[in-house]
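A.B. asks: Sharing a structure here in structure tokens format.
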Amino acid sequence: MPNVFTSNPLYFDTDTTTAGNTNWQGSSGGKLLSSNVKGIVPTAILVQQANSGTALVAGNISVADPASSVVLFKFVVNETTMTPVFMQIFPAQALWRDFILTGLTATNAAMQVFYKGW
């Protein structure tokens, strides 16, 4: 399943980039949701296998601000048999104005981000 920027939760199973305009502010990224949404405030994150028949690979999943390289969220995949991990973010973190995801493709993982729009 390809990345889905038009739902809540957002769904990602491949890395995003500014070069491909798949970052949140990119024309092929979060701008697909609405040009009125300036960013998101994550409230929960779910990490799981991207495909049920494909084992996870150990590695890091990272969400970063492409302008400053500040890491907004990091998750370590350390087991190939890891079950889905649900993390509620309470209180909600800071606003993610623009972001890219890396490590999803390499780890065979998918990430869902539940959010409030801003």
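Bear in mind that the values in this text are calculations on the coordinates, not laboratory data. In this text, all values refer to a predicted model and were calculated from it rather than measured experimentally. Glycine gets a Cβ as well: all are built from the backbone with ideal geometry, and neighbour counts include every protein chain shown.
A.B. asks: If the chain between T17 and L95 were fully stretched, how many nm would it gain, using 0.36 nm times the residue separation less the Cα-Cα distance?
C.D. replies: 26.2 nm
A.B. asks: Summing Lys, Arg as +1 and Asp, Glu as -1, what charge do residues with Cβ under 12 Å from the Cβ of A50 carry, A50 excluded? Provide the component values of the computation, followed by the final result.
C.D. replies: On the way: positive: none; negative: D13, D15.
The answer is -2.
A.B. asks: Within a Cβ distance under 14 Å of N23, other residues only, what is the Lys/Arg minus Asp/Glu net charge?
C.D. replies: Values: positive: K31, K38, R97; negative: D15, D65, D98.
In short, 0.
A.B. asks: Please list the non-local residues whose amide H lies under 5 Å from the amide H of A109, H modeled 1.01 Å from N, same-chain partners needing a gap of 5 or more.
C.D. replies: Residues meeting the criterion, in which the H sits 1.01 Å from N, are A50.
A.B. asks: Under 8 Å for C-alpha pairs, at least 6 residues apart: give me the relative contact order for the chain, rounded to a whole percent.
C.D. replies: Numbers: 273 pairs, mean separation 47.7, N = 118.
Relative contact order for the chain comes out at 40 percent.
A.B. asks: Would you mind working out the magnitude of the charge dipole of the range 10-117 relative to its Cα centre, with +1 at each Lys and Arg C-beta and -1 at each Asp and Glu C-beta, to the nearest 20 Debye?
C.D. replies: Details: 5 positive and 5 negative charges, 65 e Å.
My answer is approximately 320 debye.
A.B. asks: Apply the Karplus parameterisation 6.51 cos²θ - 1.76 cosθ + 1.60, with θ equal to phi minus 60°, to every residue of the range 58-63 and state each ³J(HN,Hα) to the nearest whole Hz, in sequence, with x for glycine and proline.
C.D. replies: 4, x, 10, 10, 9, 10
A.B. asks: For T17, list long-range residues whose amide hydrogen, built 1.01 Å from N in the peptide plane, is under 5 Å from its own amide hydrogen.
C.D. replies: Under 5 Å from the amide H of T17 lie the amide H atoms of T22, N23, each far enough along the sequence or on another chain.
A.B. asks: Separate question: How large is ³J(HN,Hα), in whole Hz, for each residue of the range 109-116 in order, when computed from phi with the Karplus curve 6.51 cos²θ - 1.76 cosθ + 1.60 and θ = phi - 60°, using x for Gly and Pro?
C.D. replies: Using θ = phi - 60°, the values come out as 9, 10, 9, 10, 10, 8, 8, 10 Hz.
A.B. asks: For the range 65-78, just list the computed ³J(HN,Hα) in residue order, Karplus coefficients 6.51, -1.76 and 1.60, θ = phi - 60°, integers in Hz, with x standing in for Gly and Pro.
C.D. replies: 7, x, 6, 10, 6, 5, 7, 8, 7, 9, 9, 9, 8, 10
A.B. asks: Expressed as a whole percent, how much of the Cα-Cα distance distribution for the chain exceeds 17 Å? Mind showing how you got there, number by number?
C.D. replies: Working: 3551 of 6903 pairs.
The share of Cα pairs beyond 17 Å in the chain comes to 51 percent.
A.B. asks: Could you work out the helix-only [θ] at 222 nm for the chain, with each DSSP H run of four or more residues adding -39,500 (n - 2.57) and the total divided by the number of residues, to the nearest 500 deg cm²/dmol?
C.D. replies: Working: 1 runs with 4 residues, N = 118.
The helix contribution divided over the chain gives -500 deg cm²/dmol.
A.B. asks: Report the residues of the range 1-40 in range of a label on L46: point 7 Å along Cα→C-beta, backbone N strictly under 11 Å from it.
C.D. replies: Residues 9-11 qualify, since their backbone N sits under 11 Å from the label point.
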